[in-house]
Amino acid sequence: MLGFLAARQAGVDDPLRLRRAESTRRVLSLTLNPDREVDRIHGNAINTIDIEVIEGRYMLSGGADGVIVVYDLENYSGKPQYTCKAVCTVGRSNRHVHKFSVETVQWYPHDTGMFVSSSFDKTMKVWDTETLKPAEVFEFEDNVYSHHLSPIARKHSLIAVGTKDPKIQLCDLKSGSRIQVLQGHRAEVLSVRWSPRHEHVLATASADSKVKVWDVRRASGCLFTLDQHNGDKTKAASEAVNTAHNGRVNGLCFTADGLHLLTTGTDDRMRLWNSATGENTLVNYGKVSNGSRKRLQFAVSRGCGPELAFVPCESSVAVYAVHTGELLTTLRGHYNNVDCCEFHPDYQELYTGGKDCNILAWIPVLRAADVEEESKRANQAAAAAAEPPSVNPAFQDAWSSDED
């Protein structure tokens with residue numbers, strides 16, 4: 001630590017190097033936190049979670065019971081042991097609740113006043129967090145597996161939607177209508193993901209074993225289809241041409257800089273691709289157990305060196321070095337299969353949800369200096385606890401909205 005500080009003061013090191021090194025140390029020390037719990041609200045499997053990036057304070061979850069929950073991750077008690085409370089819930093008594101399993105939830109990237117959910121009830125709903133009522137409802141002819149809003153878009157407000165129909169739907173938030181269809185897949189589209197680097201670039205994964213990368217401004221649409229053999233016809237002779245995996249492709253995730261794309265498939269493989277050229281980098285992760293027939297939500301760290309991937313593998317979470325394929329550690333704590341992971345870059349924490357109906361918090365092991373700092377923060381929180389906690393205005397009217 002002192003070496004980093006001295007090098008930074010002398011101007012030898014990049015100012016971000018210390019931050020990157022400490023973030024990496026914290027991520028590599030992740031462990032299940034016995035002092036932090038998350039309210040158990042869902043009565044069935046938790047399929048999806050998302051943490052908003054504005055304050056890094058509120059978390060969404062969606063379950064197989066159709067319920068959506070908003071959690072506040074802040075600690076108001078001033079004590080090390082606390083529970084992340086549910087701020088509001090779209091429960092079974094809410095007349096706007098999804099009728100079937102919620103497959104994807106996502107905060108609007110630019111403020112917490114809105115979030116989007118999609119479900120097997122063939123709808124995607126855009127929710128007003130103040131009233132917990134849908135501001136817009138998009139209806140489809142088939143089950144919705146996945147949707148995604150671009151985290152960086154300024155020139156469009158499109159939501160990409162993957163359904164049981166091979167066609168990818170692009171819905172416009174401004175007009176409230178479906179404005180474009182991308183055709184090319186031959187089976188259901190299980191996962192969609194916008195690039196964090198180029199706002200018009202979209203990646204889609206399908207049960208037809210293919211991953212396609214699109215530029216939605218182009219008339220032809222598809223830029224390229226990922227090929228696990230990099231065009232080597234001799235290796236692909238006994239297999240389908242231009243396939244990313246030898247099974248259903250159900251997971252997509254760009255690295256934070258958008259230069260690479262990670263994919264997972266039911267062939268128990270994970271692959272890393274150059275997102276600009278579509279080249280398979282041939283990184284070997286070994287066997288990555290994947291028996292899910294739906295979208296698998298995994299996460300990639302931000303602000304770390306090297307970058308790390310958190311991948312659900314049955315009832316545990318495997319942590320891989322993205323660019324070397326090394327399995328660094330395995331996080332065990334769930335009693336049943338893990339379905340979703342979400343990384344919190346502000347505190348280098350990980351939240352996971354699974355079929356055991358639990359959301360678990362994994363936090364870094366604290367050093368002595370960290371413990372002292374945490375104690376100081378806890379004392380400040382205890383002093384502030386004498387006053388009513390300030391809640392985002394968007395949630396003020398949602399506390400008792402279950403009965404709406």
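Observations on the structure shown:
- Restricted to segment 301-310, and to residues there that are without any contact (Cβ under 8 Å) to a residue 60 or more places away in the chain and assigned to a strand (DSSP E or B), the residue that is nearest to His198 (Cα to Cα) is Ala309.
- In segment 62-72 there is at least one residue matching the filter, namely being in contact with a helix residue (DSSP H, G or I) (Cβ under 9 Å, 6 or more places away or on another chain) and surrounded by fewer than 23 Cβ atoms within 10 Å (Cβ to Cβ).
- Only one entry in Val90, Val69 is under 20 Å from the mean Cα position of the chain (by Cα), under 22 Å from Glu342 (Cα atoms) and among the aliphatic types (A, V, I, L, M), namely Val69.
- Count - residues of segment 203-220 that are part of a loop (DSSP other than H, G, I, E, B) and farther than 18 Å from Thr277 by Cβ: 6
- For segment 163-202, a tally of residues being of a type in the set (S, T, N, Q), assigned to a loop (DSSP other than H, G, I, E, B) and surrounded by 20 or more Cβ atoms within 10 Å (Cβ to Cβ) returns 1.
- Among the candidates Gln81, Gln106, the residue that is over 21 Å from Phe298 (Cβ atoms), surrounded by fewer than 24 Cβ atoms within 10 Å (Cβ to Cβ) and without any contact (Cβ under 8 Å) to a residue 60 or more places away in the chain is uniquely Gln81.
- Here Asn44 does not qualify as farther than 22 Å from His148 by Cβ and buried (at least 18 other Cβ atoms within 10 Å of the Cβ).
- Restricting attention to segment 276-300, the residues being part of a loop (DSSP other than H, G, I, E, B) and either touching a helix residue (DSSP H, G or I) at 6+ places or on another chain (Cβ under 9 Å) or not β-branched (Val, Ile, Thr) (or both) number 17.
Every read-out reported here was derived from the displayed coordinates using simple, explicitly stated rules and does not represent laboratory data. Because the structure is a prediction, the values reported are computed rather than measured. FYI the Cβ positions are ideal-geometry reconstructions off the backbone, even for glycines, and counts take in every protein chain you see.
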